[in-house]
Structure formats: C-alpha cells, structure tokens
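J.: Please read through the structure below; I'll follow up with questions.
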Amino acid sequence: EYELANLPSPFPYSEHALLAVPTDAPEPSTAGYQKFLSRFVGDLLELTEGHALVLFTSYEMLRATYESTRDRLAGMGINSLRQGEDDRARLLERFNEDTSSVLFATESFWQGVDAPGEALQVVVLCRLPFRVPTDPVLTARTEMIEAQGGNAFTALALPEAVMKLRQGFGRLIRRASDRGGVVITDVRVLTKPYGTMFRRSLPETQESFKSARGVLEDVERFLYQ
C-alpha cells in the first residue's frame with residue numbers, strides 16, 4: 001500500500017501557481033468529452049500563445065487533440081510537438097529551445113520534464129491518471145489485494161493515480177521565479193468523492209473552479225495582469 005504525505009514545497013505555489021478546473025466539462029468517458037477537450041485546449045493555448053505541456057493518459061486522446069488543434073496553433077506561429085515524432089530527449093530539447101511551442105505527451109512525460117522559465121506557463125492534465133483496468137500488473141496486484149479482503153481501488157489504484165497527478169502538477173514550477181497554471185480538464189477531481197484526495201495532495205495554490213469561459217478569463221488574469 002501507499003502512504004501519501006503532503007510535504008512542504010520549496011516553491012511559492014500559493015502565489016505563483018493557479019489550479020483550474022472547467023466545471024462544465026463532460027466526464028472523460030462520455031461521447032462529448034473529446035469535442036470539449038479539443039475546443040477548450042485550442043482556446044487555452046491560443047490565449048497563452050503556446051508555452052504549454054499537455055499531458056494525456058492515452059495516445060488516442062493525444063492524437064485526436066493534437067490533430068484538431070495543430071493547424072489553429074500553426075496559424076498563430078505556435079509549433080506543436082507530439083510524443084513519438086522524435087526521441088524523448090530531443091523532444092524536450094526542442095520544447096525548451098522554442099519557448100512558445102506546445103508539447104503533447106503521454107505516460108513518460110508526467111515526470112522528469114524540466115522546463116523552467118518561459119517555455120512552460122501552463123500544464124494541462126487531460127484525465128486523472130488511473131491505470132487501465134486491463135494492465136496485467138495492476139490486474140495481478142488487484143487480485144492479490146482482494147484475495148486478502150482488501151479494497152484494490154483505495155489501496156492501489158487511487159494512491160497510484162494521486163501520486164502520478166502530483167508528478168504531472170510538479171512539471172509547472174521548476175524554480176522559485178516560475179509562474180503558471182495547471183488546468184485539470186477531468187471534472188471528476190471535483191465531482192467524485194475521491195477527487196478530494198487528489199486535490200489535498202497538491203500544494204496550496206490560487207484556484208479557479210468555473211465554467212470553461214471563466215477558467216480562461218482567470219488564467220489570462222493570473223498570467224498577464
């Protein structure tokens with residue numbers, strides 16, 4: 001089992017970070033979510049003029065979002081980078097060199113990404129990072145926990161996902177002078193009982209839990225006013 005501790009951070013999150021959730025987003029498992037996500041991510045990245053890391057839990061959702069926003073961003077002179085078009089080290093190098101670019105990525109980019117300064121002003125987390133139930137390692141450990149009378153969701157799946165969300169959140173502030181926003185487009189972080197565990201695991205920040213339009217307005221105000 002996992003034991004999660006909310007340790008103090010050396011970075012001034014309460015002043016330099018905004019946590020935002022668009023409350024009118026459909027749940028990720030519904031048919032309308034991809035359409036909402038593509039439109040919202042496009043609007044957000046147009047507002048920030050790039051400078052973003054967009055993290056997914058599936059390559060299918062990454063591909064759909066990338067393809068629906070790429071031309072729009074290119075029209076603004078914003079370069080869209082996608083996991084798989086280059087090796088990881090080179091992608092990160094290109095992302096840091098082209099400070100207005102956007103990097104669309106999955107699994108391995110939820111941790112170990114260091115992009116301090118101008119390159120990264122917003123991190124978008126497109127789904128709470130639960131492992132897929134068919135993952136063979138997760139399945140085996142789930143069966144073991146349940147055979148012992150435990151609850152595999154609360155003992156394994158949930159704390160794993162919370163830890164990974166914290167890692168994704170941690171991509172934003174890499175030095176004390178950094179400032180930016182983390183936008184979680186998965187409304188379950190607010191509507192489900194377990195959402196409280198995700199939110200409590202994160203550092204204290206400014207918050208914007210509003211409609212998509214309200215979130216965009218708050219991000220603009222936080223970053224540029």
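J.: Name, by its number, the condition in (1) of a type in the set (A, V, I, L, M, F, W, C); (2) assigned to a loop (DSSP other than H, G, I, E, B); (3) out of contact with any Gly (no Cβ under 6 Å at 6 or more places or on another chain) that does not hold for Ile78.
T.: The failed condition is (3).
J.: What helices (runs of 4 or more DSSP H) lie completely within the stretch 125-225 and have 2 or more residues being over 22 Å from Ala52 (Cβ atoms), among the acidic types (Asp, Glu) and without any contact (Cβ under 8 Å) to a residue 24 or more places away in the chain?
T.: Qualifying helices (runs of 4 or more DSSP H): 136-147.
J.: Only residues that are in contact (Cβ under 8 Å) with a residue 60 or more places away in the chain and loosely packed, with under 13 Cβ neighbours inside 10 Å: list them for the stretch 76-124, please.
T.: Asp114, Glu118 - these are the residues of the stretch 76-124 that are in contact (Cβ under 8 Å) with a residue 60 or more places away in the chain and loosely packed, with under 13 Cβ neighbours inside 10 Å.
J.: Still on this structure: Of all residues in the stretch 86-133, which are of a type in the set (D, E, K, R) and either modelled with pLDDT of 90 or more or within 17 Å of the chain's Cα centre (by Cα) (or both)?
T.: Result: Asp86, Asp87, Arg88, Arg90, Glu93, Arg94, Glu97, Asp98, Glu107, Asp114, Arg127, Arg131.
The values are calculated or read from the model by the stated rules, or taken from the named source; none is laboratory data. Here the structure is a predicted model, which means the values were calculated and not measured. Here the Cβ is made from the backbone with ideal geometry for all residues, glycine too, and neighbour counts use every protein chain on show.
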